[in-house]
1. Residues in region 22-52 that are at pLDDT below 90 and closer than 28 Å to Ala109 by Cα: how many?
2. Starting from region 23-38, keep only residues that are over 19 Å from Ala67 (Cα atoms), then list their pairs with residues that are surrounded by 15 or more Cβ atoms within 10 Å (Cβ to Cβ) whose Cβ atoms are within a distance under 9 Å, requiring at least 6 positions of separation or different chains.
3. Just to be sure I understand, how many residues within region 74-125 are closer than 20 Å to Val138 by Cα, hydrophobic (A, V, I, L, M, F, W, C) and free of Cβ contacts under 8 Å to residues at least 60 places away in the same chain?
4. Quick check on my filter: what residues within region 72-105 are in a loop (DSSP other than H, G, I, E, B) and among the hydrophobic types (A, V, I, L, M, F, W, C)?
5. Return the residue satisfying two criteria in turn: it lies in region 78-126 and is of a type in the set (A, V, I, L, M, F, W, C), more than 21 Å from Val31 (Cα to Cα) and out of contact with any strand residue (DSSP E or B) (no Cβ under 7 Å at 6 or more places or on another chain), and of such residues it is surrounded by the fewest Cβ atoms within 10 Å (Cβ to Cβ).
6. Please verify whether region 54-62 includes one or more residues that are touching a Pro at 6+ places or on another chain (Cβ under 7 Å) and either part of a loop (DSSP other than H, G, I, E, B) or crowded, with 16+ Cβ neighbours inside 10 Å (or both).
7. Look through region 127-137, keep the residues that are out of contact with any Lys or Arg (no Cβ under 8 Å at 6 or more places or on another chain) and assigned to a strand (DSSP E or B), and return whichever of them is surrounded by the most Cβ atoms within 10 Å (Cβ to Cβ).
Amino acid sequence: TVQRFGGTTTDPDPDKRPIFYDYTKMIGRGVRIAQAVPHYHLAFSKSERLSWVQTMGLLKTGHRVAAVVDCKPKEEHPTHDGIECANGDNDDLIFLHPPGTMITLSFKAAKGRAAKLKESIQAGFTVPVHRSTNQIVVNAS
């Protein structure tokens, strides 16, 4: 449980500073902000605009990446060798996950899920999952 009341962004005691967190698709600007403001926690959004090379680079340099994955809500979320993964459906408190974590979010669609999922994977927005191993399928691009 995180409870912070009072304090300012310039408070000398880091435990009293407010916590800010956000999601972005803008790599350059996001990295600059994340490095400049220590109490600002950022998760980069894996999407059709963020390649796997960029995604892995962000994770390996200690940034968090949120990704929609091919699993249903309440299913076990997939993993990836060498990457810490956390179920982002449980809460939105990205700052509780260690740097370099992939925060996985289940694909949600009420009607026509199969067709919408296929379209979303083809567009590069949703990350496919190998069903027998429950591992994230990494596209080389």
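The values are calculated or read from the model by the stated rules, or taken from the named source; none is laboratory data. As the structure is a prediction and not an experimental result, all values here were calculated from the model. Using ideal geometry, Cβ is built from the backbone for each residue, glycine included, and neighbour counts are taken over all protein chains shown.
1. To start, the set of residues in region 22-52 that are at pLDDT below 90 comprises 22-42, 47-52.
Then keep just the ones that are closer than 28 Å to Ala109 by Cα; that gives 22-27, 42, 47-52.
The number of residues fulfilling the criteria is 13.
2. Sorted first by the residue in region 23-38, then by its partner, the pairs are Ile33/Thr24; Ile33/Tyr40; Ile33/Leu42; Pro38/Arg17.
3. Looking only at that region, the number is 8.
4. We begin by selecting, within region 72-105, every residue in a loop (DSSP other than H, G, I, E, B); these are 72-78, 81-82, 88-93, 97-100.
The answer is Leu93, and nothing else.
5. Ala110
6. The first filter runs over region 54-62 and keeps only residues touching a Pro at 6+ places or on another chain (Cβ under 7 Å), leaving 62.
Then drop every residue that is not either part of a loop (DSSP other than H, G, I, E, B) or crowded, with 16+ Cβ neighbours inside 10 Å (or both), which leaves 62.
Scanning region 54-62, I find at least one residue that is touching a Pro at 6+ places or on another chain (Cβ under 7 Å) and either part of a loop (DSSP other than H, G, I, E, B) or crowded, with 16+ Cβ neighbours inside 10 Å (or both), so the answer is yes.
7. Filtering region 127-137 for residues that are out of contact with any Lys or Arg (no Cβ under 8 Å at 6 or more places or on another chain) and assigned to a strand (DSSP E or B), the one surrounded by the most Cβ atoms within 10 Å (Cβ to Cβ) comes out as Ile136.
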